[in-house]
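Report on the structure given below.
The values are calculated or read from the model by the stated rules, or taken from the named source; none is laboratory data. Treat the numbers as computed from the prediction; the structure is a model and nothing was measured. Using ideal geometry, Cβ is built from the backbone for each residue, glycine included, and neighbour counts are taken over all protein chains shown. Side chains are part of the model used for accessible areas, which takes the heavy atoms of the whole protein and leaves out ligands, DNA and RNA. Shrake-Rupley method; radii C 1.70, N 1.55, O 1.52, S 1.80 Å.
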Amino acid sequence: MDVAHVALWVSDVDRAVDFYTGIGLERQWEFTLDGVENVYVGGEHGELQFKHDPDRTTPIAPSRADVDHVALTVDDVEETVERAVDLGGSVVTEPTVIDEADAYVAFVEDPEGYTVEFVEPL
């Protein structure tokens, strides 16, 4: 068994795709079903699915109570944080070592309001 993808509602699918491909994921595939756009970005071990309904009337409100964070492994945390900020993200937690996880990590809020953890294994 493996994780295939995580689906996130977004208000601007192009902005979401630009952010995540800008930090290093690749656009994989897409389709539209019942008027909802579904665009997948990912890497070797899984994908993020961005769902966008141009007719949606309820706000998309990611919050730490509903979605804590999405974690992505990276080769260089500091470089990835810089790229994320250049692409419209904002730093939540500066890069730091988490001894218990044997990792160097940082948290960034993406342009849609989701928190992304960048993990560099030590």
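Brief remarks follow.
- Elements of type strands (runs of 3 or more DSSP E) in segment 54-117, at least 2 residues being in contact with a helix residue (DSSP H, G or I) (Cβ under 8 Å, 6 or more places away or on another chain): 90-98, 103-109
- If you go through segment 64-79 and keep only what is in contact with a Phe, Trp or Tyr (Cβ under 7 Å, 6 or more places away or on another chain) and under 10 Å from Glu120 (Cα atoms), you end up with Leu72, Val74, Val77.
- Hits in segment 15-53 (condition: in a helix (DSSP H, G or I) and in contact (Cβ under 8 Å) with a residue 60 or more places away in the chain): Arg15, Ala16, Asp18, Phe19, Tyr20, Gly22
- Answer from Val17, Val10, Val67 - the residue that is touching a His at 6+ places or on another chain (Cβ under 6 Å) and under 20 Å from Asp110 (Cα atoms): Val10
Here's the yes/no breakdown for (1) over 12 Å from the mean Cα position of the chain (by Cα); (2) closer than 18 Å to Val3 by Cα; (3) open to solvent by 40 Å² or more (accessible area, probe 1.4 Å):
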| residue | (1), (2), (3) |
| --- | --- |
| Gly42 | no, yes, no |
| Asp68 | no, yes, yes |
| Thr73 | no, yes, yes |
| Thr96 | yes, no, yes |
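- For Arg15: the one exception among (1) of a type in the set (D, E, K, R); (2) touching a Phe, Trp or Tyr at 6+ places or on another chain (Cβ under 9 Å); (3) closer than 15 Å to Tyr114 by Cα: (2)
- Inter-residue pairs, beta-carbon under 9 Å, first on the phi > 0 side of the Ramachandran plot and of a type in the set (Val, Ile, Thr) and in segment 73-97, second surrounded by 14 or more Cβ atoms within 10 Å (Cβ to Cβ) and assigned to a strand (DSSP E or B), 6+ apart: none
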